[in-house]
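Heads up: the structure comes next, in structure tokens.
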Amino acid sequence: MTSAPHETHASPPPDILSPAFAADPYGAYRTMRESAPLIRHEATNSYIVSRYEDMERVFKDKAGEFTTDNYDWQIEPVHGRTILQLSGREHAVRRALVAPAFRGSDLQEKFLPVIERNARELIDSFRHAGEADLVGAFATRFPVLVIADMLGLDRADHGRFHRWYTTVIAFLGNLAGDPEVAAAGERTRQEFAAYMIPIIRQRRDSLGDDLLSGLCAAEVDGVRMSDEDIKAFCSLLLAAGGETTDKAIASIFANLLAHPEQLAAVRADRSLVDRAFAETLRYTPPVHMIMRQTATEVTLSGGTVPVGSTVTCLIGSANRDESRYRDPDRFDIFRTDLTSTTAFSAAADHLAFALGRHFCVGALLARAEVETGVNQLLDAMPDLRLADGFTPTEQGVFTRGPQSLPVRFTPVTAG
């Protein structure tokens, strides 16, 4: 790992593939922003950027300098060709086909009851126990069950969905190029296609009121999605929607439990749930890295990136950039330099959902899941506290969050 020309620093940051980086990426991010804002990383054959202003430019891409061609090798082997790889009119049409399900009346009327029911059923399994692991009992299960229900898939296949999306996320985060991880990811693509394609064909013949039927029937300017398009989008939805919401919910509670006064404030005023989510997306984002590819030679902080290069954008670093946020290493749901009202739109002033035309299409779905899940959990768990002697620790490099979160609470008696 080498910094770009003309950058000097006394103690270089740990390599992004090293155990030291995985243990504390935030300290490494600070060093990068200060003294090595552009790093040529040989092992991943990419250029690493760490400052907010550079990533904002990359994602908004007003000058047409960046593409998502990197997804051809980064995600196509596991998902097939997805909307993330498209550009121009092709991207606009595909996004128009899928977007309605994730906003407005469809989200409120069709899917909010699905979200509420799944949260309630999961919490029912531990609400009287006085203890639970919020990751294992809730966070890892909730978003996958919601997506399966939205698509009208068999809930009994939850275990397979979870295994598939875990394998896919491992593939996406396989920065070191482990061949077994790569092979498992490609196997998952075949298994998921064998599972989904027959269901898609059956659904085309017998449309229902579910999201999968909606994708089968959707048409924009005479264009419909093919079976392969729909399969790839469902694969992307399970992985992106499962992993990120899972880690977001776990991280919100880890952050609030570490700041009891803020937990008390959210419990007393539920309108603060949005603030807690937005600040968690900034402070401990579920996804720490998003890649793009240069369409032309580009000059960023610290040097020049050649045409056709992969740019690794360290979202976890940008969201703690001192030039953008006051006291960025402090979790504060009341901060005035983060706008919760725009935090789940393309006008967000954090980068956890990216920005620009590839802004996360599922951001409002994630918000609905988080609001519902957090509110129901708070209702079910008075006196919420960490299990004795337990300190939450984040794990992961590409995606990151607590692996477990054992808590204790006073069960609510039925009344």
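At a glance:
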{"item": "Where N is the number of residues in the range 179-257, Cα Rg divided by 2.2 N^0.38 Å", "result": "1.41"}
{"item": "Heavy-atom accessible surface of the range 171-247: percent carbon and sulfur, 1.4 Å", "result": "49 percent"}
{"item": "Label-reachable residues, the range 222-260, where backbone N falls under 18 Å from a point 7 Å from Arg103's Cα toward its Cβ", "result": "none"}
{"item": "Gain on full stretching of the segment that runs from Ala23 to Glu121 - 0.36 nm per residue minus C-alpha separation", "result": "31.8 nm"}
{"item": "Helix runs (DSSP H) in the chain reaching 30 Å along axis by Cα, Kyte-Doolittle at least -0.5", "result": "227-257"}
{"item": "Separation in nanometres of the label points that stand 7 Å from Cα toward Cβ, at Ala43 and Thr341", "result": "4.5 nm"}
{"item": "Three semi-axes of the equivalent ellipsoid, the chain, Cα gyration tensor, whole Å, largest first", "result": "32, 29, 19"}
{"item": "Under 13 Å, Cβ to Cβ, from Ser317 - net charge with Lys/Arg +1 and Asp/Glu -1", "result": "-1"}
{"item": "Gyration tensor over alpha-carbon atoms, the range 126-217, equivalent ellipsoid semi-axes in Å", "result": "26, 24, 9"}
{"item": "Cross-link partners of Lys247 among aspartates and glutamates (Cα-Cα below 15 Å; sequence separation of 8 or more within a chain)", "result": "Asp133, Glu279, Glu369, Glu371, Glu394"}
{"item": "Max mean-square fluctuation residue, GNM over the chain, Cα-Cα springs under 10 Å, options Gly356, Gly242, Gly208", "result": "Gly208"}
{"item": "Cβ-based charge dipole, the chain, positive-most Cα from Gly241, Pro25, Leu384", "result": "Gly241"}
{"item": "Cut-off under 5 Å, modelled amide H: who pairs with Ser46 long-range", "result": "His41"}
{"item": "Over the chain: helical MRE at 222 nm, DSSP H runs n ≥ 4 each giving -39500 (n - 2.57), nearest 500", "result": "-14000 deg cm²/dmol"}
{"item": "Solvent-accessible area of Asp205 with every protein chain in place, 1.4 Å probe, in Å² to the nearest 10", "result": "140 Å²"}
{"item": "Kirkwood hydrodynamic radius of the range 163-213, from inverse mean 1/r over distinct Cα pairs, in Å", "result": "12.4 Å"}
{"item": "Intensity falloff of the range 304-379 expressed as log10 I(q)/I(0), Debye formula with alpha-carbon point scatterers, at q = 0.18, 0.20, 0.22 Å⁻¹", "result": "-0.92, -1.05, -1.16"}
{"item": "Cα-based Rg / Dmax (Å) for the range 217-285", "result": "18.1, 54"}
{"item": "List Asp210, Asp124, ordered by accessible area with a 1.4 Å probe, largest first", "result": "Asp124, Asp210"}
{"item": "From the C-alpha gyration tensor of the range 254-374, square roots of 5λ in Å", "result": "30, 16, 11"}
{"item": "Spatial separation of Cα centroids for the range 213-269 and the range 316-350, in angstrom", "result": "20 Å"}
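The values are calculated or read from the model by the stated rules, or taken from the named source; none is laboratory data. Every value quoted in this text rests on a predicted model; they were computed, and no experiment measured them. With ideal geometry, Cβ positions are generated from the backbone for all residues, glycine too; neighbour counts draw on all protein chains shown. These accessible areas exclude ligands, DNA and RNA; they are computed on the full protein's heavy atoms, side chains included. Shrake-Rupley method; radii C 1.70, N 1.55, O 1.52, S 1.80 Å.
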